[in-house]
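K.L.:
Take this structure first; my questions come after.
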């Protein structure tokens, strides 16, 4: 089942003009797609266009899942200084209309999974960067949407937290969610992604599974890291 269809003809900013052109792909239920490219390639602009945050966008973005819902997990934590971890979760649950019992069960499960149960009543401003990133992950996973859009999720996470994130992503895929993940951690992306969209200069230079990426750069035995450097 197709959960997200993206056809960005042009996208950019009033002051800078178009940054991305002719980026088209779709996400199927259970699929994890890696959005990769060097700095300035257009990954962030593509994500902003999908989220409807750019006025200067032409094309079509369609969320077509059973609920038509998505969660965005940003690269940099966005948290309220005056709220505790639990209050952040309560605010998100209220915004999404999550029932009290369902919220408490899901929140407790995620806090335990990411080893933050002990910090539920602490202000998030006292957290380390890695802990703050975990909070953003928990907020994203709280409502079980159809689609996840995740921007550089591994930054600030230690190996244990990375494993917890990967386990959670795998569980959501089994549930039927689709995931678009922007990342520079190419060795991990090669292991976990079903396919890739490789951007450079605001355009798609290669797309598909690893075999398609290898064919695009003419390197049949190459790693994703080697293909990335050959194509960008």
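K.L.:
What is the P(r) of segment 156-207, as percent of Cα-Cα pairs per 10 Å bin from 0?
P.N.:
Taking every Cα pair in segment 156-207, the percentages come to 20, 50, 25, 5.
K.L.:
Using the number of other C-beta atoms within 10 angstrom as an exposure proxy, rank 193, 227, 217 with the fewest first.
P.N.:
Values: 193 22, 227 25, 217 18.
Sorted ascending by nearby Cβ count, the order is 217, 193, 227.
K.L.:
Most fluctuating residue of 119, 41, 177 in a GNM of the chain with Cα springs under 10 Å: which is it?
P.N.:
Result: 119 has the largest fluctuation of those listed.
K.L.:
Quick check of the Kirkwood formula: for the chain, what is the inverse mean of 1/r over all pairs of different Cα atoms, in Å?
P.N.:
Values: mean 1/r = 0.0542 Å⁻¹.
Result for the chain stands at 18.5 Å.
K.L.:
What is the extension gain from residue 120 to residue 15, computed as 0.36 nm multiplied by their sequence separation minus the C-alpha to C-alpha distance, in nm to one decimal? Please report the intermediate quantities before stating the final value.
P.N.:
On the way: separation 105, 0.36 × 105 = 37.80 nm, distance 4.19 nm.
Going from the current span to full extension adds 33.6 nm.
K.L.:
Which value at 222 nm does the chain reach when only helices count, each DSSP H run of 4 or more adding -39,500 (n - 2.57), with the total divided by all residues and rounded to the nearest 500 deg cm²/dmol? Don't skip to the end; give the middle numbers.
P.N.:
On the way: 8 runs with 87 residues, N = 232.
The helix contribution divided over the chain gives -11500 deg cm²/dmol.
K.L.:
How many nm is it between the label spots at residue 215 and residue 104, if each spot is 7 Å from the Cα in line with the beta carbon?
P.N.:
Distance between label points: 5.5 nm.
K.L.:
May I pose another question? Please arrange 209, 146, 18 by counting, for each residue, the other beta carbons lying within 10 Å of its beta carbon, fewest first.
P.N.:
Listing 209, 146, 18 from fewest to most nearby Cβ atoms yields 209, 18, 146.
K.L.:
Quick check: the angle from helix 159-175's long axis to the longest principal axis of the chain, C-alpha only, nearest 10 degrees?
P.N.:
Value to nearest ten degrees: 80.
K.L.:
If you don't mind, another one. Who wins for biggest fluctuation among 199, 180, 91 in a Gaussian network model of the chain, springs between alpha carbons below 10 Å?
P.N.:
In this elastic network of the chain, the residue with the biggest mean-square fluctuation among 199, 180, 91 is 91.
K.L.:
Taking the Cα of residue 128, stepping 7 Å toward and past its beta carbon, and measuring to each backbone N in segment 149-164: which are under 13 Å?
P.N.:
The answer is 156-162, whose backbone nitrogens lie closer than 13 Å to the label point.
K.L.:
If each residue's Cβ is checked for other Cβ atoms within 10 Å, how do 131, 1 rank with the fewest at the top?
P.N.:
Starting with the residue having the fewest Cβ neighbours, the order is 1, 131.
K.L.:
On to the next question. Computed on alpha carbon atoms, what radius of gyration and Dmax characterise segment 1-62, expressed in Å?
P.N.:
11.7, 38
K.L.:
Turning to a different aspect of this structure: Which value results for Rg/Rh of segment 57-151 when Rg is the Cα radius of gyration and Rh the Kirkwood radius based on the inverse mean 1/r?
P.N.:
Reported Rg/Rh, Kirkwood definition of Rh: 1.00.
K.L.:
Here is a further query. Quick one: pull the percentage of alpha-carbon pairs in segment 179-232 with a separation above 18 Å.
P.N.:
Details: 275 of 1431 pairs.
Beyond 18 Å sits 19 percent of the P(r) for segment 179-232.
Read the figures in this text as sums done on the coordinates, not as results from a lab. Computed from a predicted model, the values in this text were never measured in an experiment. Quick reminder, even Gly has a Cβ in these numbers, built from the backbone with ideal geometry, and neighbours come from all protein chains shown.
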